[in-house]
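Enquirer: Can you read through this structure? Questions will come right after.
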Amino acid sequence: MRVKRLTRCALLTAIALAIFVLEAQIPSPFPVPGMKLGLSNIITLFALFSFGWKDALAIVVIRILLGNLASGQVMALLYSLGGGLLSFAGMALLCRILTAKQVWAAGAAGGLLHNLGQMAVALAVTRTPGLLVWLPVLLLCGLGTGLFTGLCAQLLLRRRLISDKGDTHDESQKK
């Protein structure tokens with residue numbers, strides 16, 4: 001059972017990493033430099049609701065470290081960690097009270113928190129309070145992208161639950 005779980009987590013990490021690196025190559029449609037959709041967060045939410053916070057945290061940290069190294073964005077590592085870990089903490093807390101039908105809410109909160117975390121890092125690094133002028137745009141975009149990734153993860157979870165029920169049903173018929 002542990003090997004199966006480890007294999008699934010490794011596969012999810014690889015998928016999240018591939019999405020992260022691919023997305024880094026796509027020009028941003030947003031007005032704020034460096035902003036992106038955060039599609040790899042779909043995998044984070046899926047892992048969080050499927051396997052729990054420990055496995056999901058490992059997936060997030062590995063994705064951020066390897067993703068920034070693989071995409072050549074070593075300087076962005078601090079921003080990614082600040083946003084990613086704050087976002088993860090909020091989503092992990094919400095995961096304890098939300099159901100699989102409310103994953104969208106965790107995604108929205110994660111999008112907001114990610115941008116707040118990145119802004120906090122940017123303010124600490126640059127000591128430029130003028131960056132706060134971007135905060136309303138960041139929060140609006142974070143809410144939208146978070147809702148999108150949350151809904152995608154929710155659909156993925158629902159498909160998994162349906163698939164798991166089908167697998168169980170098939171196995172019970174074989175016995």
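Enquirer: Given a 10 angstrom Cα cut-off, can you work out which residue in S71, S80, S163 is the most mobile in a GNM of the chain?
Expert: Evaluated over the chain, the most mobile residue of the options is S163.
Enquirer: Counting Lys and Arg as +1 and Asp and Glu as -1, each charge on the Cβ, what is the dipole of the chain about the Cα centre in debye, to the nearest 20?
Expert: Values: 16 positive and 6 negative charges, 100 e Å.
The dipole magnitude comes to about 480 debye.
Enquirer: Could I have the simple spin-label model distance between I162 and F51, label points 7 Å from Cα toward Cβ, reported in nm to one decimal?
Expert: My value for the distance between the label points is 2.4 nm.
Enquirer: If you roll a 1.4 Å probe over the heavy atoms of the protein chains, what accessible area per residue do you get for the chain, in Å²?
Expert: Numbers: 10270 Å² over 175 residues.
Normalised by residue count, the accessible surface of the chain is 59 Å².
Enquirer: Moving to a separate point now. Could you tell me which of rounded, prolate or oblate describes segment 1-78, using a ≥ b ≥ c as the square roots of the eigenvalues of the alpha-carbon gyration tensor, with rounded for a/c under 1.5 and, failing that, prolate when a/b is larger than b/c and oblate otherwise? Let's see the in-between values first.
Expert: Numbers: a/c = 2.45, a/b = 1.98, b/c = 1.24.
In terms of gyration-tensor shape, prolate.
Enquirer: Give the carbon-plus-sulfur fraction of the accessible surface of the chain in %, rounded to a whole number; probe 1.4 Å, heavy atoms of protein chains only.
Expert: Details: 7220 of 10270 Å².
The C+S portion of the solvent-accessible surface of the chain is 70 percent.
Enquirer: Any idea what % of Cα-Cα pairs in segment 58-124 are farther than 19 Å? Numbers along the way, then the final one.
Expert: Numbers: 811 of 2211 pairs.
Tail of the P(r) past 19 Å holds 37 percent of the pairs.
Enquirer: Go through segment 80-166 and name the trypsin sites (Lys or Arg not before Pro) that are in a DSSP coil and have 10 or fewer other Cβ atoms within 10 Å of their Cβ.
Expert: Numbers: sites: R96, K101, R127, R158, R159, R160, K165; in loops: R96, R127.
Listed in order of number, the matching sites are R96, R127.
Enquirer: Evaluate the relative contact order of the chain (contact order divided by residue number), counting alpha-carbon pairs under 8 angstrom at least 6 apart; express in whole percent.
Expert: That works out to 23 percent.
Enquirer: Based on alpha-carbon centroids, what's the gap between segment 9-37 and segment 74-105 in Å, whole number please?
Expert: Computed from Cα coordinates, the inter-centre distance equals 15 Å.
Enquirer: Using helices alone, what [θ] at 222 nm do you get for the chain, with -39,500 (n - 2.57) per DSSP H run of 4 or more residues, divided over all residues and rounded to the nearest 500? The partial results should precede the final answer.
Expert: Working: 6 runs with 135 residues, N = 175.
So the calculated ellipticity at 222 nm is -27000 deg cm²/dmol.
Enquirer: Which three extents, in angstrom, do the Cα atoms of segment 89-154 have along their principal axes, listed largest first?
Expert: Principal-axis extents of the Cα atoms in segment 89-154, largest first: 40, 20, 12 Å.
Enquirer: In the chain, which helices (entire DSSP H runs) extend 20 Å or more along their own long axis, judged by Cα positions, while averaging at least -0.5 on the Kyte-Doolittle scale? Could the numbers behind the result be given before it?
Expert: Details: long enough: 2-24 (33 Å, 1.23); 53-70 (25 Å, 1.43); 77-95 (26 Å, 1.73); 103-126 (34 Å, 1.20); 135-174 (57 Å, 0.18).
Span-like helices here: 2-24, 53-70, 77-95, 103-126, 135-174.
Enquirer: Once label points are set 7 Å from the Cα along Cα→Cβ at both A70 and S28, what is their separation, rounded to one decimal in nm?
Expert: 2.1 nm
Enquirer: Apply the a/c threshold of 1.5 to the C-alpha gyration tensor of segment 9-50 and tell me whether it is rounded, prolate or oblate.
Expert: Oblate is the answer for segment 9-50, as a/c is 1.5 or above yet b/c matches or exceeds a/b.
Enquirer: Quick one: check the C-alpha center-to-center distance for segment 38-62 versus segment 118-153, whole angstrom.
Expert: Each part reduced to its Cα centre gives a spacing of 20 Å.
Enquirer: Hey, could you get me the Stokes-Einstein D for segment 1-144, Kirkwood radius over alpha-carbon pairs, 10 °C and 1.306 mPa s, rounded to whole µm² s⁻¹?
Expert: On the way: Rh = 15.5 Å.
Reported coefficient: 103 µm²/s.
The values are calculated or read from the model by the stated rules, or taken from the named source; none is laboratory data. Bear in mind that the values here come from a model prediction, so they are computed numbers and not experimental data. Don't worry about glycine lacking a Cβ; one is built from the backbone with ideal geometry, like all the others, and counts go over all protein chains shown. Just the protein is used for accessible areas: all its heavy atoms, side chains included, with ligands, DNA and RNA removed. Shrake-Rupley method; radii C 1.70, N 1.55, O 1.52, S 1.80 Å.
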